[in-house]
1. Which order do B:81, B:114 fall in if you start with the one that has the fewest other Cβ atoms within 10 Å?
2. Quickly estimate the mean residue ellipticity at 222 nm for chain A, helices only: each DSSP H run with n ≥ 4 gives -39500 (n - 2.57), and the total goes over all residues, rounded to 500.
3. Could you work out the mean count of beta carbons from other protein chains within 10 Å of each residue's beta carbon in B:135-147?
4. Using a/c under 1.5 as the rounded threshold, could you call region B:72-145 rounded, prolate or oblate? The axes a ≥ b ≥ c are square roots of the C-alpha gyration tensor eigenvalues, and prolate needs a/b larger than b/c, oblate otherwise.
5. In terms of the Cα gyration tensor, with a ≥ b ≥ c the square roots of its eigenvalues, is the protein assembly as shown rounded because a/c is under 1.5, prolate because a/b exceeds b/c, or oblate?
6. Between residue A:66 and residues 5 or more places away or on another chain, which pairs have amide H atoms under 5 Å apart, with H built 1.01 Å from N, and which residues are they?
7. Mean Kyte-Doolittle of at least -1.0 and a Cα length of 20 Å or more along the axis: which whole DSSP H helices of chain B meet both?
8. What residues have an amide H closer than 5 Å to that of residue B:122, excluding those fewer than 5 places away on the same chain, when H is modeled at 1.01 Å from N in the peptide plane?
There are 2 protein chains.
Amino acid sequence: MLANNKPISIALLSGGLDSATATAMALEAGHNVIGISFDYGQRHKRELEAAIELAAHLNLLGHEIINVNLAKWGGSSLTDLQQSVPTQGIIKGKIPNTYVPGRNTVFIAIGLSLAEAKGANQIVLGINAMDYSGYPDCRPDYLKSFQALANLASKAGREGNAPKLWAPLIHLNKVEIIQEALRLNIPIDKTWSCYNGLEKPCGLCDSCRIRNEALEKAGRSDLSTREEI
Amino acid sequence: MLANNKPISIALLSGGLDSATATAMALEAGHNVIGISFDYGQRHKRELEAAIELAAHLNLLGHEIINVNLAKWGGSSLTDLQQSVPTQGIIKGKIPNTYVPGRNTVFIAIGLSLAEAKGANQIVLGINAMDYSGYPDCRPDYLKSFQALANLASKAGREGNAPKLWAPLIHLNKVEIIQEALRLNIPIDKTWSCYNGLEKPCGLCDSCRIRNEALEKAGRSDLSTREEI
């Protein structure tokens, strides 16, 4: 707790739309929020510029950028430039090669470390399990299991005060997330979702597709990057 | 699986006695082993030199050293030089300030990422819950919970093939670990346990105390650093 008596949240901030929205929801709920972003050797490292801009826009209490080079062993088209990011759309029941082995587990674990060190009682996650690419580490069961682990892993957990994993978007579809983002005045044009780290969003990767389709459905095709293909 | 048909293990190698012993046990069990060590801003960074030497001695298939700077937020005498490493011995029921928030969760998560990328079916951990400092993230329940998470987190977990967390020392006391280390020809003098990263082991921190007491009980006080205090 800080002098102003607000509880502290740690928010995993990728630079994308979802995590920015979840972060704004934590602020709206009256938390002091420290953002944390990861330079993990991702193809779309430029998402970090968006994260920095969003942290400033949201007036966060702090913003940590941590290096953890998962590209050392790759295993994903996001961390191995020899692999191509798929552009054919999501294939149901198949985990695409944009899945990064262990990524969310690594990120939440580091968030847990920061939360414990700062006495934060919540870790805010933009994860959603509706309009997503089918990654195993985005499902409600996964988060429930990580909460059980956090309760055992942490010093505070011994007194039942382990940080709570809060994923307020988990059951929202992408249109609903965009509606929340608009309501919370997230500068959507400043968020970065594209898996290809080029000058402009590619419009073809799963992340662009999901985002653009939802923006159109939400009546905000003006924010879509589709026309830039 | 490699061409030689041996399964692959990822071993978390700190440079200390326990993880070297657990690694040698995986080799003895017929695994190809890739070591992974962490530069996390620890006071005793010199343990990494020991890890490199041990990886070479054990003839591991590979050895990754990963930076993940937990000292950015400290919260432990091992990652915050303003705090002192306690020298008064372990106080039962109290977690000492050498506990690093989230450390094992971060390390195992990164090990899981490497295991998935390499198709490894085991993650080898030197964790033990007998003669240790009472850290929450060294207990059998913690490991069991992490296994449940790994089963959900990973792509392979969908087919029931998630990497298995293997902590062969978990129920051994330190004397028994030393006996295993001697049996497996671990060069104990090359391992580094001391929390203070000085030229010689301090002999006073919990890690030195536990090690030296056990070496003496095992009849190998010649390997103890006690006389160097």
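1. Working: B:81 11, B:114 24.
Listing B:81, B:114 from fewest to most nearby Cβ atoms yields B:81, B:114.
2. On the way: 6 runs with 75 residues, N = 229.
Result for chain A, helices only: -10500 deg cm²/dmol.
3. Working: counts 2, 9, 6, 0, 2, 0, 4, 5, 2, 3, 9, 8, 2.
Going residue by residue through B:135-147 and averaging, the value is 4.
4. Working: a/c = 3.03, a/b = 1.62, b/c = 1.87.
Cα axes put region B:72-145 in the oblate bin.
5. Details: a/c = 2.38, a/b = 1.65, b/c = 1.44.
Taking the square roots of the gyration eigenvalues as a ≥ b ≥ c, the protein assembly as shown is prolate.
6. So residue A:66 has HN proximity to A:37, A:38, A:39.
7. Details: long enough: B:103-118 (22 Å, 0.73).
TM-like helix candidates: B:103-118.
8. The answer is B:10, B:164.
Since every read-out is calculated from the coordinates, none of them should be taken as a lab result. On a predicted model such as this, the values are computed, not experimentally measured, just so you know. Positions of Cβ are backbone-derived with ideal geometry, glycine not excepted, and every protein chain shown enters the neighbour counts.
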